[in-house]
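A short write-up of the structure that comes next.
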Amino acid sequence: MVRARKAIVARKYFIETFGCQMNVHDSERLAGLLDQAGYEAAEAVGDADLVVINTCSVRERAEERLYTELGMVPGGRGGKRPVVAVTGCVAQQEGRALLERGQRVDLVVGTQALSRLPAMVDGLTGHRPERVDVNPYDNVSFPLGVARRSNPVTAAVTIIEGCNDFCAFCVVPYTRGHERMRPAAEILEEVRLAADSGYREVHLLGQIVNHYSAPDRPGCDFAELLALVDGVPGIERIRFASPHPRHVSDPMIGAMRSLPKVCRHLHLPVQSGSTAVLARMRRRHTRDDYLQLVDRLRAAMPDIALSTDVIVGFPGETDRDFEETLSLTRRVRYHSMFSFKYSERPNTLASKRLADDVPAAEKTRRIVGLQELQKGIQSEIHRARVGAVVEVLVDSTSRRRATELAGRTSGNTVVNFRAGPRDAESGDLLGRLVRVRITDSGPFSLRGELADSPAPRPSPPARRDAALGGAAGRQGSPSA
Ligand code: SF4
């Protein structure tokens, strides 16, 4: 039984975000909706009247992390207890149970009901507050220009929500619902607005982003959407995540090759190098299908950088299966990789039907071996770039040295580079494409110096404050 409690009128909010880019973008949208409803972003969680914990359950221990986070919510301004809302995948999965476990949770808002959060907070002062909404909502339209973006250079734009694939290990179809496409007109308008606000890069998001089919534009698939976005003035780069290998079509490859703004990077989740394991994962492609696709991509774009997701220790994975993952990794030579030890996720087909039978120590041995291999490959790829001049979109100050700037190549490699003191301090290069001569390399990034003086800025980007109270996503791309 949940006891009613005196409600608090929330004025300042703080959002803590876990998970993938999709969750980070959901928090940006939520922040915008709260701004619109008259709230202000708090500098720190202790200043907040409303604390939102936007959760992820793709990786293990999501609930433990939530409870740790709840334990860290302080008293709030003036000693008043803040309203605490749990949103995202754990909210969707657990629903009312989160209220009933005696935790400090006031509201539970599922992945499809996010836009209802401000009204639900207001409703807490009413007679019969609605404290849980994990209902499915088909409408994926979202008010344009509202998202409060946390990145000053790259604008995330959702194009698809949900997934129908039900890979055996994946919780996404259960937490995000069935696949729903956003109208192309709305996507394009959001990209135009982002360009007008000074964003130079657009990042199209979807659980299977390349399964896109416009509900409002007959025949418009992902390749055509790329072409439409490429035509938006002011946008200089287009990225997307995550595509599924079985939906990489010839028109999509053709669009990537011919459209100048589409980055030469493809995140192509493989999950395993063994056809037997892929079948148990219900991935609907084989090792050979995947390798043939890599060959097609490289034939069309010899300079394309590939990255991937891998799960080790999936049920029934033998030493031989794992060796196939290693041999595929050697063959493809990924530019980067997110690798994970398998763990059961609630409701998934694997958790219901397959025994988690690879011992924990063996999973650790395998992931250490895979990561060592991948690190060596990345080191070699990066070393070969030393001496080259690469084009970098500047997006931040270097994490390690305040006198250096950082950005990414078209292939998504991080480059830290020395800039003049004025450039580093003024932020004038933020959001600009510059040429950098690579002087040094490591397994995870490149280092260099400006190859030439950048041309004067055509029009200053309208930089927006990093708006979210909490940390942004801490994981890679879990979808597809
Ligand atoms: S891994 Fe990707 S394609 Fe598979 S069910 Fe999850 S979101 Fe869908």
- request: Find the all-direction average of the projected area of the Cα convex hull for the range 280-367, expressing the result in square nanometres with one decimal place.
  value: 6.2 nm²
- prompt: Along the charge dipole of the range 270-356, which of 349, 329, 311 sits closest to the positive end, that is, farthest toward it, with unit charges on the beta carbon of Lys, Arg, Asp and Glu (+1, +1, -1, -1)?
  reply: 349
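Could you grab the relative contact order for the range 69-211? Cα pairs under 8 Å, six or more apart, rounded to a whole percent.
Working: 204 pairs, mean separation 29.4, N = 143.
With pairs under 8 Å counted, the relative contact order is 21 percent.
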- prompt: What does the helix-only formula give at 222 nm for the chain: each DSSP H stretch with n ≥ 4 adding -39500 (n - 2.57), the total divided by the residues, and the result rounded to the nearest 500 deg cm²/dmol?
  reply: -9000 deg cm²/dmol
statement: The set of cysteines in the chain having no other cysteine's C-beta under 4.7 Å reads 20, 56, 89, 163, 220, 263
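Using a simple charge model, +1 on the beta-carbon of Lys and Arg, -1 on the beta-carbon of Asp and Glu, nothing else, what dipole does the chain show about its Cα centre, in debye to the nearest 20? Don't skip to the end; give the middle numbers.
Working: 67 positive and 59 negative charges, 138 e Å.
Value, rounded to 20: 660 debye.
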- request: Would you list which aspartates and glutamates come within 20 Å of residue 12, measuring only between C-alpha atoms, while excluding same-chain residues fewer than 8 positions from it?
  value: 26, 28, 35, 40, 43, 47, 49, 69, 106, 122, 465
- request: Normalising by the residue count of the chain, find the relative contact order in percent from Cα pairs under 8 Å and 6+ residues apart.
  value: 15 percent
query: Cross-link partners among aspartates and glutamates for residue 352, C-alpha distance below 14 Å, same-chain residues fewer than 8 apart left out?
result: 344
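Could you pull out every whole DSSP H run in the chain that spans at least 30 Å of Cα extent along its own axis and averages -1.0 or higher on the Kyte-Doolittle scale? Could the numbers behind the result be given before it?
Details: long enough: 360-383 (34 Å, -0.79).
Sorted by number, the helices that extend far enough and score high enough are 360-383.
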query: Dipole of the range 202-315, Cα-centred, from +1 at each Lys and Arg C-beta and -1 at each Asp and Glu C-beta, to the nearest 20 debye?
result: 300 debye
- request: Averaging sequence separations of C-alpha pairs under 8 Å and six or more residues apart, then dividing by the length of the range 102-162, give the relative contact order as a whole percent.
  value: 30 percent
- line: Output ordering of 369-376, 234-241, 432-439 (per-residue mean of other Cβ within 10 Å, highest first) is 234-241, 432-439, 369-376
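Quick note: the coordinates plus some simple rules give every number you see, no bench work behind them. Since this is a predicted model, take the numbers as computed values, not measurements. Positions of Cβ are backbone-derived with ideal geometry, glycine not excepted, and every protein chain shown enters the neighbour counts.
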